[in-house]
Number of protein chains: 2
Amino acid sequence: MTTGVGAGPVDAEQSPAALLKTLDAGAVTLESGLLAERQAVNRRSALPHGLRMLEEAGNLDNLRIASGHQPGRFRGRVFMDSDVYKWLEAAAWETARAPSAELAQRSERLIELVAAAQGDDGYIGSYYTVAEPGRRWTDLTHGHELYCAGHLVQAAIAWRRATGDDRLLAIARRFVDLVHAEFGPGRRETTDGHAEIETALIELYRDTGERRHLDLAAFFLDQRGRGRIGPNRHDSLAAFQDRVPVREAMTVEGHAVRALYLATGVADLYLATGDPALLETLTRQWEDMVESKLYLTGGVGARHLAESFGQPYELPNDLAYSETCGAIASIMWSWRMLLATKQSRFADLIERTLYNAVLAGVSLDGERYFYVNPLASNGEPEHLHRGGCRRKPWHLVACCPPNVMRLLASLAHYVATRDASGLQIHQYAAARIAGPRATLRIGTAFPRDGRIRIEIEETTDEPWTLALRMPDWCAGASARVNGREADASAADGYLRLARPWARGDVVDLDLPMPARCVEAHPWIESTRGCVAIERGPLVYCLEQADHPDARVADLEIDAEAPLTSSWEPELLDGVTVVRARGWAVDTSAWRGRLYRPIATAAAARRPVALTAIPYYAWANREPGAMGVWIPRGKDRP
Amino acid sequence: MTTGVGAGPVDAEQSPAALLKTLDAGAVTLESGLLAERQAVNRRSALPHGLRMLEEAGNLDNLRIASGHQPGRFRGRVFMDSDVYKWLEAAAWETARAPSAELAQRSERLIELVAAAQGDDGYIGSYYTVAEPGRRWTDLTHGHELYCAGHLVQAAIAWRRATGDDRLLAIARRFVDLVHAEFGPGRRETTDGHAEIETALIELYRDTGERRHLDLAAFFLDQRGRGRIGPNRHDSLAAFQDRVPVREAMTVEGHAVRALYLATGVADLYLATGDPALLETLTRQWEDMVESKLYLTGGVGARHLAESFGQPYELPNDLAYSETCGAIASIMWSWRMLLATKQSRFADLIERTLYNAVLAGVSLDGERYFYVNPLASNGEPEHLHRGGCRRKPWHLVACCPPNVMRLLASLAHYVATRDASGLQIHQYAAARIAGPRATLRIGTAFPRDGRIRIEIEETTDEPWTLALRMPDWCAGASARVNGREADASAADGYLRLARPWARGDVVDLDLPMPARCVEAHPWIESTRGCVAIERGPLVYCLEQADHPDARVADLEIDAEAPLTSSWEPELLDGVTVVRARGWAVDTSAWRGRLYRPIATAAAARRPVALTAIPYYAWANREPGAMGVWIPRGKDRP
């Protein structure tokens, strides 16, 4: 049983407010299709690559130096240890999927490094140990000590669940004991500038049942909104979610990743306590996000400046920040909201975010990463303070790559849940689900195809309800049970099939996914007069590589003409390409100027066949321009 | 004779490469109309307000503490002294316009403060003297010591020209002597992170004829592009214009104000030396700016992040930075380009920038200032990292207010020039011009009205050429001389009237200025599907105050319907309002979501009369939304 990224059971005992419970950690196995392929690349390429990068960037040396086993100076930023922990968490989930001697050996080597770096009092933090000895806990705002501790806890729980080995968990618990000794009422009354410890402590509470971890998490959450964390020369209270107490927050604001890690912790606290004020603030914040601050891809955090949420409707395409970690944090949060409410909208957003904002963060070969995920690019490989169109092997601030790794390794956690009535399927993929009442096999080529066959392989005799999410993008879904049409209406976002099930029963769900054009709220400046193409859960984009005879910036689409989809197995590891009718506008009259009196005649343009590829697959060929939002050419003046 | 902001003669002797020469400092008097009114408010309100602010913010105390006359700690940022100098420069130009005992007394008090703060060796810099004694010249990248010195030189020259009093100039020259002793080949070989000293030294060269000042300016300019200034933890080479040597620059890049102060210095060096490589790089950079990085208002520097130029076509409206100082720097640079080339395009840009980006930087009452000048606002008074819709009395970094003051006080400098053939008029305003060959009186209500009458009050007997700029926004100009139609064709941007002139001759120039709709390059994301309204040199905007029954964000314009203009003497100190036909779109169907499948039916909308006001006059009523670019509603799908 697990909450996905950040392990830990969500069951009745420690999470009484969860309307849905998680399945056992190994209950779901992804068997084929896009997600399974991304998982395989993650295991085969990304994890070994990540370990090399951790060695090159100094993360491992920092731990060696901290342990006194090696001389040297600290390298990198204060939070370097957290990247090691996130890699370990990814390795743990991979080990849970399928044990591997090599992975075990590598992980154990890292665990030994961490063990050696732990001080006699339990402290681990290579930055303060090596670079600023004696300065522990003096700069909570920027120091990331509790943030790193949180990732250690999550990695440790994952590793124990994967292997039964509790060495890392013992290390983490010793560190947490020190945190208990240092922080709390009457002791240090403050918290970390970057939320993470809260959700980790509640995981530890769920894992151990020790109430003091929940209490300390609640204490940390209650430190916010008192002006203790944010203010200094450069930063603002809002940037650190320190403007108002967590129960009073009306909006998502400030540093996007921090805001959503914090919301994740608050959601964990709600699951554990059922405090309705927490669910209220979380719902307000989540709605603020999806109603005014969300990219079509699910990406969040519009601004490069302070890596923060923008104002409502401030969603530039080329200047989008949309940090990969922000998208991952959004999934962490929405997953807990789904458990709290069983509302399909949270699973809808997880799907959108996973297939677009997150998958775009890593190259198809698993060895290059985007930190920034713009929705348009002018084709320059790298920009200062603007997303480029070329992923990098690693980053100076390398939070994103190992975060992608741990999410991909734990994707199976997000597929299904259980409750007293039965089983809920939230995400579709070819998979085997060993639920508490039944074992199911899901056959599908999703998201290439919307036809999904669910076979009951084993089941209890009592009737139970199979709930199938009807994605928000789908119109005209239909279902059959053993070949007979079932009522596919789903007022609350789930098709519920309540019946006695028998071995061999088959549910056929058909989610038609014709390519479609979508439009954006007219208050968004960057998407005015444009449409984007979607198909199923995938957002599409136009890339320069598919339009050799025109600049992407000159392309327009005939949004009323039919879109055609075709599977291209050789392209970009296999993608469904969407073709559209459009034009290339002749912008040569604009040469040398930016503004002119409105033209009386329409600009010359020539018909062009547009070829759109899934956004997640962009920037895997030669560097070039890209655009998600395409100007509508049909009725332009 | 003066180059405008930053005093100093541009004549044949020290500026052989100038195709146009400046007039004497007092040659032009603005008599009425918008610019004269802005000048009057500047004198009456802004200057006294500015002095109060300099007292409140600590700028004057810093000088008192530096002189040892007062105990205390340094307040504010390292460049606080420069604000005092810019205020003094403004006061000098005002004194030149019309002496005032009060102004003289206030200025002399400041000059005494500066004199007292000067060290025995000539150094002045209250930050290093008070806050970091012994650390002079140790952080050229951020220390602004030479930047402050440059503003001191400019103020001193202005004051000497205005009053004949050379006390401040003597102070400045002693400081410059110290700079000579410290910097140069074989001494400190570096320069200031913020350009300014270069243009100031060349002013001093023009003023004194001392070649060593020109040489030192050239030395400082040549320090760039060697990686000596820019690199440190946070900043990049491009941000400091330190990526390539000045002669190799192809684009404007980095911090916009620094980039254009630097270009101003390079242009001064060109005027003094005629080095064609300098004019080449300046022309390339200027064209890069106007062809890809310029707001419709003339504002420059799109990004809040690093206050920098964006990539080509990166010109967001609501997120525009468009710092007031950037617009002023653009005028300083274009003025020198005009002198260097006599090409009207530079005067065109000065006009656009002055009437829009600069005038919007200050409230109509002269006592509130914008640092950031967005082209759209959602109506929130203040934003973090985004322009608000309410000006502030002063800023923590208060470069803009006194920069506006010195520009407004010296506006007359930009009106006309001379060359061997005669007189050129670049900017239109009711004015008296005492040129070398003739005295002219210009009667006009410009920019309210495009009819301009020029009367020859005195003239030499030999024929000479009166050149009148034909603004780039004007179609269908006509001219009459003594009532008889003249050929108003102007291939090179100037109508040239070459003839023997006599006292009483009258030229009537008619520059029709119907309100017009303009459109922007289709590669600019933020203006797609929109038009803006212009009339004469003025850019217009829609403000919430004029549309009580609709949100500005919901307004659309019928760009093909006629626009009507009407003078409203009581509104906003007198403005010509432009009315248009439009609609308010019903966006209620969007409540709660950002994206949807494209609608098959057009959204409901109701006709609304649009009322546009000049952009410079926005944010002078209750805080509210504003937009320059208006979606075209006519043919939307």
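The values are calculated or read from the model by the stated rules, or taken from the named source; none is laboratory data. Given the structure is predicted, the values throughout are model-derived calculations rather than measurements. Reconstructed Cβ throughout: ideal geometry from the backbone, glycine too, with neighbour counts over all protein chains shown. In case anyone asks, the SASA skips ligands and DNA or RNA and just uses the protein heavy atoms, side chains included. Shrake-Rupley method; radii C 1.70, N 1.55, O 1.52, S 1.80 Å.
Summary of values
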| quantity | calculated |
| --- | --- |
| Residues located in the range B:168-183, provided they are more than 14 Å from B:Y85 (Cα to Cα) and touching a Lys or Arg at 6+ places or on another chain (Cβ under 9 Å) | B:H180, B:A181, B:E182 |
| Selection within the range A:506-522 - at the interface with chain B (Cβ under 7 Å from one of its Cβ atoms) and of a type in the set (V, I, T) | A:V518 |
| Every residue from the range A:402-431 that is outside any strand (DSSP E or B) and hydrophobic (A, V, I, L, M, F, W, C) | A:V404, A:M405, A:L407, A:L408, A:A409, A:L411, A:A412, A:V415, A:A420, A:A429 |
| Which numbered condition A:D275 fails, given (1) away from chain B (no Cβ under 14 Å); (2) within 17 Å of the chain's Cα centre (by Cα); (3) acidic (D, E) | (2) |
| Matching residues, the range A:293-308, being more than 7 Å from chain B (Cβ to nearest Cβ) and open to solvent by less than 20 Å² (accessible area, probe 1.4 Å) | A:K293, A:Y295, A:T297, A:G298, A:G299, A:V300, A:G301, A:A302, A:S308 |
| Among (1) among the acidic types (D, E); (2) open to solvent by less than 50 Å² (accessible area, probe 1.4 Å); (3) over 22 Å from A:F346 (Cα atoms), the one test that A:E534 misses | (3) |
| Options B:E525, B:E543: the member that is within 9 Å of chain A (Cβ to nearest Cβ), in contact with a Phe, Trp or Tyr (Cβ under 8 Å, 6 or more places away or on another chain), open to solvent by less than 50 Å² (accessible area, probe 1.4 Å) and touching a residue at least 12 places away in the same chain (Cβ under 8 Å) | B:E525 |
| Breaking point among (1) over 22 Å from A:A155 (Cβ atoms); (2) touching a residue at least 60 places away in the same chain (Cβ under 8 Å); (3) more than 14 Å from chain B (Cβ to nearest Cβ); (4) over 11 Å from the mean Cα position of the chain (by Cα), for A:K392 | (2) |
| Filtered residue count, the range A:565-584, keeping only those that are among the aliphatic types (A, V, I, L, M) and outside any strand (DSSP E or B) | 2 |
| Wholly enclosed helices (runs of 4 or more DSSP H) of the range B:126-225 bearing at least 2 residues open to solvent by less than 20 Å² (accessible area, probe 1.4 Å) and of a type in the set (A, V, I, L, M) | B:145-163, B:167-182, B:197-208, B:211-222 |
| Conditions (1) out of contact with any helix residue (DSSP H, G or I) (no Cβ under 6 Å at 6 or more places or on another chain); (2) outside any helix (DSSP H, G or I); (3) crowded, with 19+ Cβ neighbours inside 10 Å: number failed by A:Y355 | (2) |
| Test result for A:R535, facing chain B (nearest Cβ under 7 Å) and either over 30 Å from B:D318 (Cα atoms) or in contact with a Gly (Cβ under 7 Å, 6 or more places away or on another chain) (or both) | no |
| Members of the range A:358-375 found to be within 14 Å of chain B (Cβ to nearest Cβ) and surrounded by fewer than 24 Cβ atoms within 10 Å (Cβ to Cβ), listed by number | A:V372 |
| Any chance A:D586 is open to solvent by 70 Å² or more (accessible area, probe 1.4 Å) and touching an Asp or Glu at 6+ places or on another chain (Cβ under 9 Å) | yes |
| Lone unmet requirement of (1) within 10 Å of chain A (Cβ to nearest Cβ); (2) modelled with pLDDT of 95 or more for B:Q311 | (2) |
| Scope the range B:314-326; condition within 7 Å of chain A (Cβ to nearest Cβ) and within 18 Å of the chain's Cα centre (by Cα); matching residues | none |
| Odd one out for A:P597 among (1) touching a Pro at 6+ places or on another chain (Cβ under 9 Å); (2) free of Cβ contacts under 8 Å to residues at least 12 places away in the same chain | (1) |
| Any hit, the range A:554-568, residues being buried (at least 16 other Cβ atoms within 10 Å of the Cβ), within 10 Å of another protein chain (Cβ to nearest Cβ) and over 29 Å from B:G592 (Cα atoms) | yes |
| Filtered residue count, the range B:591-606, keeping only those that are surrounded by 14 or more Cβ atoms within 10 Å (Cβ to Cβ), in a loop (DSSP other than H, G, I, E, B) and more than 10 Å from every other protein chain (Cβ to nearest Cβ) | 0 |
| Positions within the range B:88-127 being over 23 Å from B:A36 (Cα atoms) and free of Cβ contacts under 8 Å to residues at least 24 places away in the same chain, in sequence order | B:Q105, B:E108, B:R109, B:E112, B:G119, B:D120 |
| Within the range A:436-477, tally of residues that are open to solvent by 30 Å² or more (accessible area, probe 1.4 Å) and not in a loop (DSSP other than H, G, I, E, B) | 8 |
| Complete set of residues in the range A:235-290 that are farther than 16 Å from A:L19 by Cβ and among the polar types (S, T, N, Q) | A:S236, A:Q241, A:T251, A:T264, A:T281, A:Q285 |
| Matching entry among A:R345, A:R352 (being within 14 Å of chain B (Cβ to nearest Cβ) and under 19 Å from A:I533 (Cβ atoms)) | A:R352 |
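For (1) over 21 Å from B:A320 (Cα atoms); (2) of a type in the set (D, E, K, R); (3) within 19 Å of the chain's Cα centre (by Cα), each residue gets a yes or a no:
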| site | (1), (2), (3) |
| --- | --- |
| A:G225 | yes, no, no |
| A:D242 | yes, yes, no |
| A:L262 | yes, no, yes |
| A:Y270 | yes, no, no |
| A:L279 | yes, no, no |
| A:M289 | yes, no, yes |
| A:T297 | yes, no, yes |
| A:E307 | no, yes, yes |
